[in-house]
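The values are calculated or read from the model by the stated rules, or taken from the named source; none is laboratory data. Quick caveat, the model's predicted, so the values are computed rather than measured. Neighbour counts are summed over all protein chains in view; Cβ atoms, including those assigned to glycine, are modelled from backbone coordinates with ideal geometry.
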Amino acid sequence: MKIPEYILIIASSGRMLAQAAKNAGLKPLVIDLFADLDTQGCAAAFYRIPLLTEQHLAPAVDYFIHCYAVAHVIYGSGFEYCPESLNYLNSRLILLGNSPDTFVKLHNKPEFFSVLAALDIASPEVAFTAPNDADDWLVKPMQGQGGMGIKRFLNNNTAKSPCYWQKYQAGTQHSVLFLANGQLMQVLGFNTQWTAGSSGTEEFIFSGVTHSSDLSNEHKARVTDWLDKIVPVFMLKGLNSLDFIQSGVNSYVLEINPRPSASMQLYDGDLIIDHIRASQGELSDYNFVQNGYSAYQIVYADRDVLIPEAFLWPDWCMDLPEPGSLIQTGQPVCSIIAHHLVSEPVSYCQQMAATLIQLILENQILKT
């Protein structure tokens, strides 16, 4: 397909996709909830909205269609909370990535885990009514992302929104980034993930990812075989990632993120172009040459943070809030990324996060 000059990016935070689009020679137009400083810097134009609902999307989409004649849209994170908005976008523009139907099916937990069972793909035990025994169960929101809202289940838990229950499975957290064209797929790389909740009540919230992993070739082959089975069933397209737990010799699928994930930042090449082509049925011949390790981490505020007017952000920081922004406890302050690490990418990235917090303290960003 012809690669469009302008591409509309819509996500809760559009920085990652906008940056990838600009680096690939495209002109990104961004609709998101934050309009971070670096998003503004790499976007040809941007439009900030409070929610990704049709009510708020429509004026912004109308503006970009009228002013830029944009015809293609790529969506990122955030639509987990309002999947119906994808139907609206699909009616107005050429939607690149998974169809609204695919997106909804993957977030229909009874259907998703039923498909896994039919394909003989291992996953932790799930329940859709509260278990009688609370031991080793988690309660998870039906609609969520990044581990937000996941809690250990107690008999006195009361669900405030639709949820399901899943047996806690100990092990190391991994993901695999892959491209798909609706029938076939190509693995781009295996990653290790970690959580570092902002408080004891959010111990499962996503914190970071690195493309360094200790998975054996046998483990990788098993997960690759699972993807070969899953992709045509759900007709997955574009960039996606699958999250799984590795425990000894066993692997367990947790979920599929049917959109470009944070791990795409760890890989060289114009993956946004590969996403566009795969969405139209064309798989690229991608070969990743690893030059050391890369790691990405979100820095969460451990207390309320007020961003000053003259704070000099280190060049390894991104998703930068505007001066004067109030970041509340538990919310992301920014993200950090490191490339070409020789070893220990997880601990190094966490050390960078600690260094940033120290800089914040020294510059009196934290509210007193």
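Hey, Glu80 hits all of (1) at pLDDT 95 or above; (2) crowded, with 20+ Cβ neighbours inside 10 Å; (3) not polar (S, T, N, Q) but one; which does it fall short on?
Result: Glu80 fails condition (1) only.
I'd like to know if the stretch 261-273 contains one or more residues that are at negative phi, assigned to a strand (DSSP E or B), touching a strand residue (DSSP E or B) at 6+ places or on another chain (Cβ under 8 Å) and of a type in the set (A, V, I, L, M, F, W, C). Spell out how you get there, then give the answer.
Looking only at the stretch 261-273, we keep the residues that are at negative phi, and these are 261-268, 270-273.
Those left that are additionally assigned to a strand (DSSP E or B): none.
Taking every residue of the stretch 261-273 in turn, none turns out to be at negative phi, assigned to a strand (DSSP E or B), touching a strand residue (DSSP E or B) at 6+ places or on another chain (Cβ under 8 Å) and of a type in the set (A, V, I, L, M, F, W, C).
Which residues, counting only those in the stretch 116-154, are in contact with a Pro (Cβ under 6 Å, 6 or more places away or on another chain) and either at pLDDT below 80 or not aromatic (Phe, Trp, Tyr) (or both)?
Met142, Gly149
For Lys167, all conditions in the list (1) buried (at least 19 other Cβ atoms within 10 Å of the Cβ); (2) farther than 22 Å from Asp270 by Cα; (3) among the basic types (Lys, Arg) hold save one; what is the number of the exception?
That leaves (1) as the condition not met.
Taking Ser213 as the residue in question, decide whether it is farther than 25 Å from Val104 by Cβ and among the polar types (S, T, N, Q).
Working: farther than 25 Å from Val104 by Cβ: yes; among the polar types (S, T, N, Q): yes.
So Ser213 passes the test.
I want to confirm something. Restricting to the stretch 25-40 and keeping residues that are of a type outside the set (Ser, Thr, Tyr) and under 19 Å from Leu312 (Cα atoms), which single residue is surrounded by the most Cβ atoms within 10 Å (Cβ to Cβ)?
Per the criteria, the residue is Asp36.
Residues to consider are Lys220, Lys237; find the one that is under 21 Å from Glu111 (Cα atoms) and out of contact with any Asp or Glu (no Cβ under 6 Å at 6 or more places or on another chain). Give the steps one after another, and end with the answer.
Numbers: Lys220 fails: under 21 Å from Glu111 (Cα atoms).
That would be Lys237, the only listed residue that is under 21 Å from Glu111 (Cα atoms) and out of contact with any Asp or Glu (no Cβ under 6 Å at 6 or more places or on another chain).
Do any residues in the stretch 201-218 that are within 18 Å of Gln331 (Cα to Cα) and in the same structural domain as Gly149 (by TED's automatic domain parsing) have Cβ atoms under 7 Å from those of residues that are modelled with pLDDT of 90 or more and surrounded by fewer than 19 Cβ atoms within 10 Å (Cβ to Cβ), where the two are at least six apart or on different chains, and which pairs are they?
Close Cβ pairs satisfying both conditions: Ser207/Trp194; Gly208/Trp194.
With respect to the numbered conditions (1) crowded, with 21+ Cβ neighbours inside 10 Å; (2) assigned by TED's automatic domain parsing to the domain that holds Val126, which one is the sole condition not fulfilled by Val299?
If we test Val299 against (1) crowded, with 21+ Cβ neighbours inside 10 Å; (2) assigned by TED's automatic domain parsing to the domain that holds Val126, just (2) comes out false.
Counting just the residues of the stretch 128-142 that are part of a loop (DSSP other than H, G, I, E, B) and in contact with a strand residue (DSSP E or B) (Cβ under 7 Å, 6 or more places away or on another chain), which one comes out nearest to Pro162 (Cα to Cα)? Show your work before the answer.
Keep residues of the stretch 128-142 that are part of a loop (DSSP other than H, G, I, E, B), which gives 128-136, 142.
Pick out the ones that are also in contact with a strand residue (DSSP E or B) (Cβ under 7 Å, 6 or more places away or on another chain) and you get 128, 130-131, 136, 142.
Values: Phe128: 10, Ala130: 12, Pro131: 15, Asp136: 20, Met142: 6 Å.
Taking the candidates together, the pick is Met142.
For the stretch 221-250, name all the residues that are among the small types (Gly, Ala, Ser) and crowded, with 22+ Cβ neighbours inside 10 Å.
Let us first name the residues in the stretch 221-250 that are among the small types (Gly, Ala, Ser), namely 221, 238, 241, 247-248.
Result: Gly238, Ser241.
Answer yes if at least one residue in the stretch 178-194 is at pLDDT below 95 and either surrounded by fewer than 17 Cβ atoms within 10 Å (Cβ to Cβ) or not assigned by TED's automatic domain parsing to the domain that holds Leu242 (or both), and no otherwise.
Among the residues of the stretch 178-194, at least one is at pLDDT below 95 and either surrounded by fewer than 17 Cβ atoms within 10 Å (Cβ to Cβ) or not assigned by TED's automatic domain parsing to the domain that holds Leu242 (or both), which makes the answer yes.
Select from the stretch 54-105 the residues that are of a type in the set (Ser, Thr, Tyr) and either under 22 Å from Leu239 (Cα atoms) or touching a residue at least 60 places away in the same chain (Cβ under 8 Å) (or both) and list them in ascending order. If you could, list the steps in order and put the result at the bottom.
Step one: list which residues in the stretch 54-105 are of a type in the set (Ser, Thr, Tyr), which gives 63, 68, 75, 77, 81, 85, 88, 91, 99, 102.
Scanning the stretch 54-105 gives Tyr68, Tyr75, Ser77, Tyr81, Ser85, Tyr88, Ser91, Ser99, Thr102.
Are any residues in the stretch 1-35 of a type in the set (D, E, K, R), outside any strand (DSSP E or B) and over 17 Å from the mean Cα position of the chain (by Cα), and if so, which ones?
Lys2, Glu5, Lys22
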